[in-house]
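S.K.: Starting off with a structure, shown below.
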Amino acid sequence: MSIYTEIGLKRVVNASGRVTVLGVSTFSDRIAEAAREGGQSYVVIEDLMTRAGELISKHTGAEASCPTSCASAAIALTTAAFVSRGRYTDMMRLPDSMGLANQIVLQKGHSINYGAPIPTTIRLGGGVPVEVGQANEVHPEDIEESINEKTIALLYVKSHHSVQKGMVSIETMRDIAHVHGLPFVMDCAAEEDFRKYIALGADVVCYSGAKALEATTSGFVTGRRDIIQNVQKQYHGIGRAMKVGKEQIMGLLAALDQYDERDHKAEVAANVAKVDWLVEHVNAIDGLRAEKIQDEAGRAIFRCRVAFDPACAPAFDMEHVNAQLRGGDPVVWARAEFLNLGKIDFDPRPMGEGDKELIVKRLSEIMEA
Ligand SMILES: *Cc1c(COP(=O)(O)O)cnc(C)c1O
């Protein structure tokens with residue numbers, strides 16, 4: 001039983017990952033307690049924002065930081081900060097940015113949908129996304145020659161969703177931005193290293209709180225002080241629709257502390273063991289083939305990939321298998337990014353006690369039917 005089954009919803013076996021459609025992640029008692037205490041007193045929100053920013057920066061090594069309601073809000077508010085440049089009247093009329101410099105350059109292979117399109121998130125902050133190059137190939141010239149007097153920033157999307165081949169590197173894009181006196185922004189929403197990209201010279205980096213950190217629903221921007229100050233001001237304008245609560249912020253801070261104390265090597269080893277178990281047991285099911293694969297963005301995330309055994313041709317396709325998994329009770333939710341290629345992936349990270357056994361049982365039932 002859970003609070004969700006109590007209100008009549010199905011139990012969910014999350015085999016997908018930190019995905020918004022399933023509620024991203026679950027937080028620890030320590031984080032829940034911080035959120036509870038945070039929600040039970042008043043505080044001057046402006047002061048909390050500033051202090052939380054200082055505390056976040058200790059974990060990122062940046063000059064300043066600002067908490068947000070999620071990574072999408074971080075991207076929208078950062079865009080708004082660049083468009084309005086700290087001018088009060090410009091800030092107050094956003095997202096209308098007519099006549100202002102408002103273009104954000106990104107590589108075409110980075111124009112992703114992470115559950116919502118990244119260009120939409122940029123437009124939300126008054127920005128105009130300028131996608132350069134082709135989906136599979138971008139040259140430094142594509143970026144360089146797109147820069148004009150309306151350009152306000154260059155954005156790099158570090159994600160497994162992004163096209164990995166043929167793109168211009170972080171370092172090259174950073175250098176192009178800096179030669180032109182432009183800020184270099186990174187969307188690192190799902191990344192697990194909170195220092196790396198600041199150390200690499202990104203001016204601001206956007207992170208999600210509920211993904212790697214497993215915090216309350218939240219996010220943050222970290223980077224140059226002048227930019228962060230402008231980001232924080234946006235809460236008096238378009239940021240109001242992206243309000244971050246005191247309880248979310250306190251949960252985020254607890255999650256950052258907890259993250260430093262977690263044994264990440266042991267977590268990866270435990271996840272790999274779950275994947276190995278799944279691969280072995282799925283391979284024992286007639287008609288299925290499983291293998292261990294690593295995350296496309298090179299993170300230390302391993303998953304079990306399942307396809308049909310080419311030697312036997314079932315009377316149904318992988319869409320059917322996936323629909324059966326999602327339609328049952330409990331719901332079994334696999335990653336379906338490669339469903340069009342006849343593959344589904346099982347992510348061990350969010351799986352609880354007994355989940356992997358249940359997945360194997362359901363797969364065998366579907367294959368026998
Ligand atoms: C998840 C994700 C986002 C959005 O993060 P939220 O915290 O859910 O708003 C943005 N960009 C990338 C690359 C993501 O993976």
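S.K.: Quick check on my filter: what residues within segment 283-303 are touching a Phe, Trp or Tyr at 6+ places or on another chain (Cβ under 8 Å), under 24 Å from I366 (Cα atoms) and open to solvent by less than 20 Å² (accessible area, probe 1.4 Å)?
M.R.: Passing the criteria: G287, L288, R303.
S.K.: How many residues are out of contact with any Pro (no Cβ under 8 Å at 6 or more places or on another chain) and surrounded by 14 or more Cβ atoms within 10 Å (Cβ to Cβ) when one looks only at segment 304-315?
M.R.: Of the residues in segment 304-315, 5 are out of contact with any Pro (no Cβ under 8 Å at 6 or more places or on another chain) and surrounded by 14 or more Cβ atoms within 10 Å (Cβ to Cβ).
S.K.: Also, quick follow-up: Listed residues E280, E291; which is assigned by TED's automatic domain parsing to the domain that holds R362, of a type in the set (D, E), in a strand (DSSP E or B) and free of Cβ contacts under 8 Å to residues at least 40 places away in the same chain?
M.R.: Values: E280 fails: in a strand (DSSP E or B).
Result: E291 is the single residue among E280, E291 that is assigned by TED's automatic domain parsing to the domain that holds R362, of a type in the set (D, E), in a strand (DSSP E or B) and free of Cβ contacts under 8 Å to residues at least 40 places away in the same chain.
S.K.: Can you give me the number of residues within segment 189-201 that are open to solvent by less than 10 Å² (accessible area, probe 1.4 Å) and in contact (Cβ under 8 Å) with a residue 40 or more places away in the chain?
M.R.: Counting residues in segment 189-201 that are open to solvent by less than 10 Å² (accessible area, probe 1.4 Å) and in contact (Cβ under 8 Å) with a residue 40 or more places away in the chain gives 0.
S.K.: Separate question: Give the residue that is least open to solvent (accessible area, probe 1.4 Å), with candidates limited to residues of segment 84-138 that are under 30 Å from L22 (Cα atoms) and away from the ligand (no atom under 16 Å from the Cβ).
M.R.: G126
S.K.: From the list K211, K246, K233, which one is basic (K, R), open to solvent by 20 Å² or more (accessible area, probe 1.4 Å) and within 14 Å of the ligand (Cβ to nearest atom)? Before you say what the answer is, go through the steps one by one.
M.R.: Details: K246 fails: within 14 Å of the ligand (Cβ to nearest atom); K233 fails: within 14 Å of the ligand (Cβ to nearest atom).
Residue meeting the stated conditions: K211.
S.K.: Can I ask one more? If you take the residues of segment 12-30 that are away from the ligand (no atom under 16 Å from the Cβ) and surrounded by 13 or more Cβ atoms within 10 Å (Cβ to Cβ), which of them is farthest from D355 (Cα to Cα)?
M.R.: R30
S.K.: Name every residue in segment 236-268 that is touching a Cys at 6+ places or on another chain (Cβ under 9 Å) and of a type outside the set (V, I, T), in order of residue number.
M.R.: M242
S.K.: Same structure again: Could you list, in sequence order, the residues of segment 1-26 that are of a type in the set (A, V, I, L, M, F, W, C) and either under 22 Å from V275 (Cβ atoms) or in contact (Cβ under 8 Å) with a residue 40 or more places away in the chain (or both)?
M.R.: Selection gives V12, V13, A15, V19, V21, L22, V24.
S.K.: Then there's this: So, P119, is that one in a strand (DSSP E or B) and assigned by TED's automatic domain parsing to the domain that holds L256 or not?
M.R.: For P119, the condition - in a strand (DSSP E or B) and assigned by TED's automatic domain parsing to the domain that holds L256 - is not met.
S.K.: Same structure again: Check A73, A52, A81 and return the single one that is outside the structural domain of V360 (by TED's automatic domain parsing), open to solvent by less than 70 Å² (accessible area, probe 1.4 Å), within 16 Å of the ligand (Cβ to nearest atom) and under 26 Å from G115 (Cβ atoms). Before you say what the answer is, go through the steps one by one.
M.R.: Working: A52 fails: within 16 Å of the ligand (Cβ to nearest atom); A81 fails: within 16 Å of the ligand (Cβ to nearest atom).
Going through A73, A52, A81 in turn, the sole match is A73.
S.K.: While we're looking at this one, here's another question. So, in segment 303-360, exactly how many residues are hydrophobic (A, V, I, L, M, F, W, C) and not in a helix (DSSP H, G or I)? Please lay out each step first, then the result.
M.R.: Of segment 303-360, the ones hydrophobic (A, V, I, L, M, F, W, C) are 304, 306-308, 311-313, 315-316, 318, 321, 323, 325, 331-334, 336, 338-339, 341, 344, 346, 351, 358-360.
Then keep just the ones that are not in a helix (DSSP H, G or I); that gives 304, 306-308, 311-313, 315-316, 331-334, 336, 338, 344, 346, 351.
Here the count works out to 18.
S.K.: Something else about it: Count, please, the residues in segment 150-175 that happen to be over 17 Å from R299 (Cα atoms), open to solvent by 50 Å² or more (accessible area, probe 1.4 Å) and touching a residue at least 40 places away in the same chain (Cβ under 8 Å).
M.R.: Number of matching residues: 1.
The values are calculated or read from the model by the stated rules, or taken from the named source; none is laboratory data. It should be emphasised that the depicted structure is a prediction, and the values quoted were computed from it without experimental measurement. In this analysis, Cβ positions are derived from the backbone assuming ideal geometry, glycine residues included, and neighbour counts consider all displayed protein chains. Surface areas here come from the heavy atoms of the whole protein model, side chains and all, with no ligands, DNA or RNA. Shrake-Rupley method; radii C 1.70, N 1.55, O 1.52, S 1.80 Å.
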